[in-house]
Amino acid sequence: MASDYYALLGVRKDASAHEIKSAYRRLARELHPDVNPDPETAEKFKEINQAYNVLSDPEKRQMYDLGGEGLAGADGFGGFGAAAGFGGFSDFVDAVFGAAGGGQPRGPRSRARRGRNATIRIELDLSECAFGATRELTVDTAVVCPTCSGEGTAPGTHPAMCDVCAGRGEISEVRRSFLGQVMTTRPCPNCAGFGTVLPRPCPECDGDGRVRTRRTMKVRIPAGVEDGTHIQLAGEGETGPGGGPPGDLFLEVVQRPHPIFERQGDDLHCTLTIPMVAAALGATVSVESLDGPSDVDIRPGTQSGQVIPLYSLGVKHLSGSGRGDLIIHVTVETPTRLDAEQEKLLRDLAKLRGEEAPPGKFQPGQQGFFSRLRDAFNGR
Ligand SMILES: [Zn+2]
Ligand SMILES: [Zn+2]
């Protein structure tokens with residue numbers, strides 16, 4: 001499998017760093033295992049990561065362009081991906097440039113590796129975010145193979161030393177390059193760098209040491225989470241290959257919009273429309289809150305735009321105790337479609353209050369300000 005990194009990313013050989021980056025981003029979004037859990041896609045995802053790892057580094061890219069064939073061969077076997085430190089390639093670079101800051105441990109690598117993290121999105125109602133919730137989750141994951149307990153060997157058999165690399169997990173060879181003769185060390189292609197081979201891989205997991213399964217678990221979501229909150233469940237991700245430790249599971253909260261309340265931090269906001277007469281005379285109205293209906297006193301003379309806070313009826317604080325507030329924004333409704341009797345009542349009211357409106361009597365508030373300003377300029 002001599003992969004062409006340019007073809008993998010779908011860019012031309014002379015693509016700019018920017019083109020490579022955006023091609024990789026596009027593919028990564030499409031092929032990310034969290035988006036697309038299909039195993040074939042996961043393999044492809046690994047490959048494009050490997051390609052990007054090389055092509056995004058000018059030095060590595062140059063070396064790849066010069067010695068492409070040999071390198072593609074070196075990392076073209078059994079899932080030797082970027083996660084494993086890209087041993088084959090960095091060893092080659094070390095050989096040419098003198099292992100500056102390499103520090104790569106030599107020798108066979110362990111079959112046991114840590115499992116990947118996984119992220120699951122969970123949709124919650126506003127009240128579940130506010131008060132917390134318990135959810136039953138079903139996740140597709142990998143667990144330790146019950147047949148081989150993660151070792152990857154068929155029952156009664158054991159890993160055997162690789163006779164190509166004599167258990168070292170790597171092989172060295174002298175190659176000619178434009179820089180002269182270089183000694184390259186690369187992971188052994190026979191054992192994929194493990195130093196051992198499995199003469200009879202476990203029939204259930206095919207040597208991987210784990211099997212895919214569907215798992216159900218109960219999770220407790222704390223009160224106060226919001227859209228975008230990540231909850232880490234340590235060790236609840238998939239088991240690693242070769243009996244390695246599990247990764248973590250992350251829950252990403254998606255808060256469903258609420259028909260009445262808008263959340264800002266831990267405060268909730270809503271609007272309340274009251275009739276003009278109730279605003280003038282005062283009233284007690286029942287308002288919905290997350291805790292059920294709540295009586296609110298409208299003071300006589302309440303204006304449109306006034307806010308009435310109901311303390312501690314908001315969302316619980318995620319850290320610390322206490323809750324946010326429920327803030328009610330009042331809108332006063334002017335009556336429309338008056339019948340003759342209502343209109344007369346209002347005209348009489350206006351007369352009583354001296355509010356009859358001959359044309360031009362009501363002025364916007366700022367006009368007085370501007371005319372005073374003009375007068376001041378004119379020295380009056
Ligand atoms: Zn097995
Ligand atoms: Zn070997």
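The values are calculated or read from the model by the stated rules, or taken from the named source; none is laboratory data. On a predicted model such as this, the values are computed, not experimentally measured, just so you know. So basically every Cβ, Gly included, is an ideal-geometry build from the backbone, and we count neighbours across all protein chains shown. The protein model used for the area step is the full one, side chains on, heavy atoms only, and it has no ligands, DNA or RNA in it. Shrake-Rupley method; radii C 1.70, N 1.55, O 1.52, S 1.80 Å.
For region 145-276, the solvent-accessible area with a 1.4 angstrom probe is 53 square angstrom per residue. A crude spin-label estimate for the pair Glu204 and Ala7, with each label 7 Å from Cα along the Cβ direction, gives 3.9 nm. For region 294-326, backbone nitrogen atoms closer than 15 Å to the point 7 Å from Val287 Cα along Cα-to-C-beta are found at 294-300, 302-315, 324-326. In order along region 125-136, the Karplus-derived 3J(HN,Hα) couplings, from 6.51 cos²θ - 1.76 cosθ + 1.60 at θ = phi - 60°, round to 6, 4, 6, 5, 5, 6, 10, x, 7, 10, 10, 9 Hz, and Gly and Pro are given as x.
Distance between the 7 Å Cα→Cβ label points at Thr41 and Arg256: 2.5 nm. Extension gain, Ala340 to Arg220, is 37.1 nm, computed as 0.36 nm per intervening residue step minus the present C-alpha separation. For the pair Arg121 and Glu59, a Förster radius of 51 Å applied to the C-beta separation gives a FRET efficiency near 0.85, rounded to the nearest 0.05. With a ≥ b ≥ c the root eigenvalues of the C-alpha gyration tensor of region 165-256, is it rounded (a/c under 1.5), prolate (a/b larger than b/c) or oblate? Verdict is oblate for region 165-256. Here the calculated FRET efficiency for Met276 and Ser319, from their Cβ-Cβ distance with R0 = 45 Å, stands at 0.55, rounded to the nearest 0.05. The label point for Gln181 and the one for Ser312, both projected 7 Å from the Cα toward the Cβ, are 8.4 nm apart. For region 157-258, chymotrypsin sites (Phe, Trp or Tyr not before Pro) meeting the loop criterion (DSSP other than H, G, I, E, B) and having at most 11 other Cβ atoms within 10 Å: Phe178. For the pair Lys351 and Ala17, the difference between a 0.36 nm per residue extended length and the Cα-Cα distance amounts to 112.5 nm. The phi-based Karplus calculation (6.51 cos²θ - 1.76 cosθ + 1.60; θ = phi - 60°) puts the 3J(HN,Hα) values of region 51-58 at 4, 5, 3, 7, 6, 7, 9, x Hz, whole numbers, x for Gly and Pro.
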